[in-house]
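First comes the structure, then the notes that go with it.
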Amino acid sequence: MRNHRKIAVFDHHTAIVGGHNYATEYMGPQPNRKRWRDFGAVISGPAAIMLNEVFCADWSYASGQSLEALRKEVPVDAVRREGKSELQIVASGPDVARDPLYEGMIAMIQQAARSIWIVTPYFIPDEVLLRSLVVKARAGCDVTLIVPARSNHPITDFARRYYVRELQRAGVNIRLFGPGMMHSKGMIVDDNRRFVWFGEFRFAQPLR
């Protein structure tokens, strides 16, 4: 039951999420050219309350404290609307029924009409995800995949070769990020529907 989430919640109504771990590879007081490329977001409003719920559930599981007792500590005035954007928080893992993150990704890919842009440090898809991307590319959809030229796990780079070749044959634009490690995860469909695990598109190079 490894917890790989990164959530910081302040006063129950503002949250920071993203792919950054508390390590020198991700952040520090001084610039570092070797630092991994990643991104996160500051969220406030109802979505932050949902992140607070996820945090409380994790804390309850790890500490044995009652989840209801933790929820009572949230002030009433913490629940406030800010801005006009619509944002959905999706928790995933062995503590969540089914796999809403995976199902959401598949649904967005299969419903795409014009473009699918994906950035991820590791790409080892299952058959459904791979075929969904292949079908969309062959149907004329602009499908672009950005992965690091060399990730921090050489075995995953080796494992992805078959899938990358399959996508290239279908017409998918494969671009390699480098130099340096890219740890970003995100997907943009039809230029306006964003599914973010959190990414950066700079310095992507064509695959040769």
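The values are calculated or read from the model by the stated rules, or taken from the named source; none is laboratory data. Just so we're clear, the structure is a prediction, and the values are computed from it rather than from any experiment. For neighbour counting, all protein chains shown are included, and Cβ atoms are generated from backbone atoms with ideal geometry for every residue, glycine included. Each accessible area value is taken on the protein alone, full model and side chains, heavy atoms only, with ligands, DNA and RNA left out. Shrake-Rupley method; radii C 1.70, N 1.55, O 1.52, S 1.80 Å.
Things to note:
- Think of each Lys and Arg Cβ as +1 and each Asp and Glu Cβ as -1; about the Cα centre, that makes the dipole of the chain roughly 980 debye.
- Computed over Cα pairs, the Kirkwood radius of the stretch 1-53 leads via Stokes-Einstein (1.567 mPa s, 4 °C) to a diffusion coefficient of 105 µm² per second.
- Surface share of carbon and sulfur [accessible, 1.4 angstrom probe, percent] for the stretch 15-166: 56 percent
- Entries of 84/136; 34/84; 72/185; 34/185; 6/136 with Cα pairs more than 29 Å apart: 84/136; 34/84; 72/185; 6/136
- Full extension of the segment from residue 97 to residue 25, taken as 0.36 nm per residue of separation minus the current Cα-Cα distance, would add 22.6 nm.
- Furthest towards positive pole of dipole, 107, 173, 10, structure part the chain, Cβ charges: 173
- Report note on the peptides 181-187, 21-27: ranked by the mean count of other C-beta atoms within 10 Å, highest first, their order is 181-187, 21-27.
- Accessible solvent surface per residue of the chain, calculated while the other protein chains remain in place, 1.4 angstrom probe, Å²: 62 Å²
- Rg/Rg_globular for the stretch 48-195, with Rg_globular taken as 2.2 N^0.38 Å and Rg from C-alpha atoms: 1.29
- FRET efficiency for residue 63 and residue 11, using Cβ-Cβ distance with R0 set to 22 Å, rounded to 0.05: 0.60
- Spacing of the modelled spin labels on residue 81 and residue 128, each 7 Å from Cα toward Cβ, amounts to 3.5 nm.
- Working note: Karplus 6.51/-1.76/1.60 with θ = phi - 60° gives the stretch 160-171 the couplings 6, 4, 4, 5, 5, 4, 4, 5, 4, 4, 7, x Hz, where Gly and Pro are set to x.
- Each Lys and Arg Cβ is given +1 and each Asp and Glu Cβ -1; about its Cα centre, the stretch 77-182 then shows a dipole of about 480 debye.
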